[in-house]
Amino acid sequence: MKKRVLRAVSSILTASVMLSALNITPAYAADPVLSAGGWFETLFAQITNVKDSDITAVSYSGDYSGNLTGDDLTYLVRDTSNGVRIDIPGLREGTYNLSVTTKNGTVTASDIPVYSYDRTGYAHKDAKDKGYSGVGAYNDDGSLKNNATVIYVTDENKNTVTIPGMSDSPVGIGNILNYKSTASGSTSGSGKADTFKKLTSSDTPLVVRFVGEVYAGDENTLGSVPASGNINGLTAYDATGNGGTVGDNGMVARMWNVNNVTFEGIGTDACINGWGFQAISGTGRASNSIEFRNLTFKNTPEDAIGFEGTATESTNPQSKEWLDNSNVPIRFCWVHNCTFEPGYCKNPAESDKAEGDGSLDFKRGYGFTQSYNHYIQNHKTNLIGSSSKSIQYDVTYHHNFYDQVWSRQPLSRQANVHIYNSYFKNGSGTSYIYSPRANTYIFSEGNYFDGCKNPVDSAKEGTGYVKSFNDNFAACTGTNSATIATSATQAISGNNHPYKSDFDGSFPYSYEATSAVQAKADCIAKAGVMKTAADIDMDPTPSAIISEYPSAPLVLPYNLDLSATYSAGRTVVNNAILNAASKSSSGVVKIKDNGIIFTVNQQAIVSFSAGSSSKYGMTLQNDIGETITSIATSGSVSIAVVPGTYVLKSGNIEKDAYLESFKVVAVSGSETTEVTTKKIESTTQATTEATTSSQSDKPTETTTENTNSEVNADGYIWNGTTGENTDNFFYVSSNEYNSGSVSYKGATLKTAIKMESTTDIHFTAETDGTLLLYTYSKKSAPTIKINDTTESIAANGTTTFDIGSGETVYVTKGTTDTYIYFMQFLPDSTQTVTEITTEATTKAATETSTEATTKAATETSTEATTKEEQTTQPQAEGSVNISVEKIDGTKGNATNLKISATDTANNTIGGYLVALKLDSGLTYNSVENLGTGSEIEAYANGNAVVVAYVGSIEANKPLFNINLTPTTSGQLPVTVISQELINTSSAVINSSATNGYVNVAFSNGSGDVYKDGIINDIDAAYLLKYISGEQITDPKFDASEGNCDGSGNAPDVLDVVYILNHKTAESSDPETESTTINESDKIYIESFIASKDATIPEYLKKIGISDITNHKTSNYPAFGYLFTDGSAYRMDIAAGKEFTFDTKAGDTVSLYMCSASNNAESKVTVTGSNGTYVSETTLTHRKDANAQPVTFKTDKADRITVKIEKKGIYFFGVSVD
């Protein structure tokens, strides 16, 4: 993944940087070197070998064009220690070109991406409702509002700056901003000039741009006056001068009548040092539409930023209309991408203000958003409402990074507050995170609480409410009084806030909440002021929280021997990494952070116990910090996990937890139903898909029903997970996305194309056809571009596009945070059907072919059959959908399930053949004919039933009832495997199918799902497979016994845990059938084999390899043994990456690992399902004929996994005898 958006351009080509977009005229010995990049609505550049005075012109073009003149050229182009820095704010999102003219020539940069600020939240929603085009002096598209005025403030001109075009402008920024300034440095004093009232009356938006660090302070606040002097006109220390207040530390610009004003920092170093701002709305001087962006605040003696309206006090909730009609609220305030460092006052006027007062407060108003801010060790951070009688509404906090902050994150009163996707990192001085008070209602969603003390404090000043949905509480301690919701719209009982419906129903504004771990990554990367070029990452992924990864997965079952003695520090114990806090004793190990790090490569159940001395319990997390389960103090827990790396740690990583047991057992493999595909000609197709409406940073897995008209593997396929690219049909150049997975057609897809401005996808269609894309996006209305035309796509599902013959199709970026997992181009002449190849259905189909099919065909019409033997059978118009009813049933009681036909052309059916697959929990009894004819027969074998019928049935009428008896509980599917229909003229009717089920409610069970009279690990393993969606064919299995935790719900993982905690006997795994790999079960990927060499079997199958490129070159003669045309396969492999292929019993496998250079070494682990064939072998890679293979022989049909230790670029080949 690209970590930088910086694009370097230079006149000198170096070994590490390609410079394709540079033109310099003329050339000098020390030519200017330009590097350029983009941030939020800002373009920036750095030019070496020049000075500010050397720059004569700066222009930009692209989505918005212009040039720097006047004050813009003076202040946005400035000298730095390594050349000249240029910043161009106020740009719309898009791609730009930059041209800089110097005395030594002109330098240019191309294709510079500029990104838009995230304007989600109540500030913009409420402002738009009142007719505003944006909050502050900018429009919502990032451009300046009409008639806007810009002033630049530096530490040098802070006491001399004036407002351009205002003849009686106060002098100095303090006098301009502070309404009650009477400082002698002012021409007339801002209080007399009434600056903001004049700007408001003339409809003049104002942008105040700060360049560099601007200081203020005196002996009481900073300890001394800055070298550049104090700022004239700010409030006095502990006195009423310039509108100050006794008891306040002063140094505040108190502003009234502020409308459409933006305070903005330029570049990475704009800083407000030693002073702050307060925007006030009062009678006759209302303040609305105020923005702060890209500013660092530090050493603020009082408030850094405060917003305050004027309103009558009330202990009872009121309405926004009440605020608007009877008071003067402050409205539409947006603070974003700012950094707040600790405040400071040497001699605080009040004892609790040594670190200043508040970082960012909001009182008596509505429409407030603060987003993407970085708070660093602040004391009193965010206050909403000055008292329990203060009324304020509509507050949004999102994507803020609270970095070891002490308190008020926020403290909220009488407000409806939406806090989502923020990151709270605990600090030693932290007292609490949320403090809900005085009837406040906080909806907390997708936030990451990292080791926090008191994440949700107990309500004070009456009742406060916090609804928590999808928050991640990682090793948190103390009070958490939040109500944990199972959905975003779940109502919180007892809450009577007037705007509670905003959070319990249809949300008032559109937003996209990611997972908590993605939010953590986004906050670390994007919160705070502009990053340096090297640190910009606009598409971050969650990073590992563990100290290291194990070199190999656990060998299961695993039981950590706690009777052994372990020294303090790191010990590897059978592939688990144990980090003991001190030397173990008496069968107990003390752990803190990174206590036990382990990897499992299959579904498993993890069990651990915390001893009685574990005051803070233990937490199990995955490698990126998602909390899997935890113990509050002492006790034991068991939890099912999927393959991955995990860490067990103390519930308070600064304190010891006492580990008394740690076990991991495997969930046994299960029989699965294989689905294969084949081509048929000139038939129609229908696709049934299931998508999900919930959005997260990782895709939510979805399921799709297999019907006999679904697209599977026809046409041309690109699959990022398997690496398949049929005949290299699709050209793909992109970065990968591996932070989530989706489920499509029964397969889990884990690797996707990240749609970026540099992504290149194209192909040429030789015939008319359909392009299918499986896409996932974090955006609510995602798009891509097809040949530069913006097209809407599914947020988590498939979208199809009609493609014309001979057309070259380019697929490019639309919305950000959008990914493509799967592509298929299907020419119009083909489609696919699926066949269930289980033993039972194969047998049933065989019997049908020899008995039912022959009989039905004969009895339908001898004449039609004879004609069919001579010519192609005619096609009927229209299409019939065979649908299976969806009904409720009762365990043990027979019930009728209706199968019907819906016909688009009103054909009268003359005969049919329908094959059904029944769930193993359904017993077939009989079939009832619902047609007018008398000839119907049914043939059953196991869970397959074939029904043949001869006779007429009116259009759109039921076909037959199938009588079934449920023997278990749950949703028991009835699937149409295949169907054939003719009309009364013996013409074939095109058909599709919709599957159904019998739903049997669960009653309380015993947990003995394996029905062997005991409850043990076997029952847990079978139930885990069942709730994971696997079909269990073992006749002993009874899902109805799985609801054993007393919930009355369908079995879930809590029932698995219940079984593990209530075992009546220990057991070994049940006998299972040996795994076989049949030739007919393979998914053929013929493009994977480059040669016609008959010694290379077609069933060789590649899984999970990224960036496969076919290299036909003679430079790698080792592959002459494998591919007669000398081709090889190139892998860009990350550390720990695997690839997998299948073999047959008795195969001798030779595995070549060749690098792009000779004598490179890397550890390679080769394993099969029977165990390790070659363990931790160090291979010396070569690119010549001296490359030596690893050779081993398989004793059964097996799946071989090869894991590479070191990151690098490899070429590989496999020969199988």
When you go through (1) part of a strand (DSSP E or B); (2) under 20 Å from D361 (Cβ atoms); (3) among the aliphatic types (A, V, I, L, M) one by one for V214, which number turns out not to apply? (2)
Members of segment 427-450 found to be modelled with pLDDT under 90 and out of contact with any strand residue (DSSP E or B) (no Cβ under 6 Å at 6 or more places or on another chain), listed by number: G427, S428, G429, N439
Given the structure, is D1008 crowded, with 20+ Cβ neighbours inside 10 Å, under 22 Å from K891 (Cβ atoms) and not polar (S, T, N, Q)? yes
Selection within segment 268-292 - outside any loop (DSSP other than H, G, I, E, B), at pLDDT below 95 and small (G, A, S): G282
Filtered residues of segment 311-351 (kept if under 39 Å from the mean Cα position of the chain (by Cα), under 16 Å from G367 (Cβ atoms) and part of a loop (DSSP other than H, G, I, E, B)): Q318, S319, P329
Expected output for segment 263-288 (first residue under 30 Å from N327 (Cβ atoms), partner assigned to a loop (DSSP other than H, G, I, E, B) and of a type in the set (D, E), Cβ below 8 Å, 6+ apart or cross-chain) is G276/E302; G276/D303; F277/D303; Q278/D303
Could you name every one of the strands (runs of 3 or more DSSP E) located completely within segment 872-988 that has at least 3 residues being under 27 Å from L1023 (Cβ atoms), without any contact (Cβ under 8 Å) to a residue 12 or more places away in the chain and of a type in the set (F, W, Y)? none
If you take the residues in segment 491-520 that are hydrophobic (A, V, I, L, M, F, W, C) and free of Cβ contacts under 8 Å to residues at least 60 places away in the same chain, which one is farthest from P317 (Cα to Cα)? F507
Kindly provide the set of residues from segment 372-409 that are closer than 29 Å to S510 by Cα, surrounded by 24 or more Cβ atoms within 10 Å (Cβ to Cβ), touching a Pro at 6+ places or on another chain (Cβ under 8 Å) and without any contact (Cβ under 8 Å) to a residue 40 or more places away in the chain, ordered by number. N382, Y397
Within segment 410-438, residues within 19 Å of T369 (Cβ to Cβ) and part of a loop (DSSP other than H, G, I, E, B) come out as P410, Q414, A415, N421, S422
Looking only at segment 422-461, and only at residues there that are more than 25 Å from the chain's Cα centre (by Cα) and among the basic types (K, R), the one that is surrounded by the most Cβ atoms within 10 Å (Cβ to Cβ): R437
If D71 meets every condition in (1) under 18 Å from A270 (Cα atoms); (2) surrounded by 15 or more Cβ atoms within 10 Å (Cβ to Cβ) apart from one, which number is that one? (2)
Please return the ranges of strands (runs of 3 or more DSSP E) entirely within segment 733-834 where 2 or more residues are in contact (Cβ under 8 Å) with a residue 24 or more places away in the chain and either closer than 23 Å to G446 by Cα or outside the structural domain of A521 (by TED's automatic domain parsing) (or both). 735-737, 742-744, 747-749, 752-754, 760-764, 769-777, 783-786, 796-803, 808-813, 818-827
Residue that is nearest to I391 (Cα to Cα), among those in segment 492-506 that are loosely packed, with under 15 Cβ neighbours inside 10 Å and within 28 Å of the chain's Cα centre (by Cα): S501
Filtering segment 75-97 down to residues that are among the hydroxyl-bearing types (S, T, Y) and either more than 22 Å from G142 (Cα to Cα) or buried (at least 22 other Cβ atoms within 10 Å of the Cβ) (or both) yields T80, S81, Y96
Failed criterion for S543 (all others in (1) touching a residue at least 24 places away in the same chain (Cβ under 8 Å); (2) surrounded by fewer than 15 Cβ atoms within 10 Å (Cβ to Cβ); (3) assigned by TED's automatic domain parsing to the domain that holds E660 hold): (3)
Condition first: crowded, with 22+ Cβ neighbours inside 10 Å, assigned by TED's automatic domain parsing to the domain that holds V261 and in a helix (DSSP H, G or I). Can you find one or more residues in segment 144-158 that meet it? no
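The values are calculated or read from the model by the stated rules, or taken from the named source; none is laboratory data. A quick note: this is a predicted structure, and the numbers were derived from the prediction, not measured. Reconstructed Cβ throughout: ideal geometry from the backbone, glycine too, with neighbour counts over all protein chains shown.
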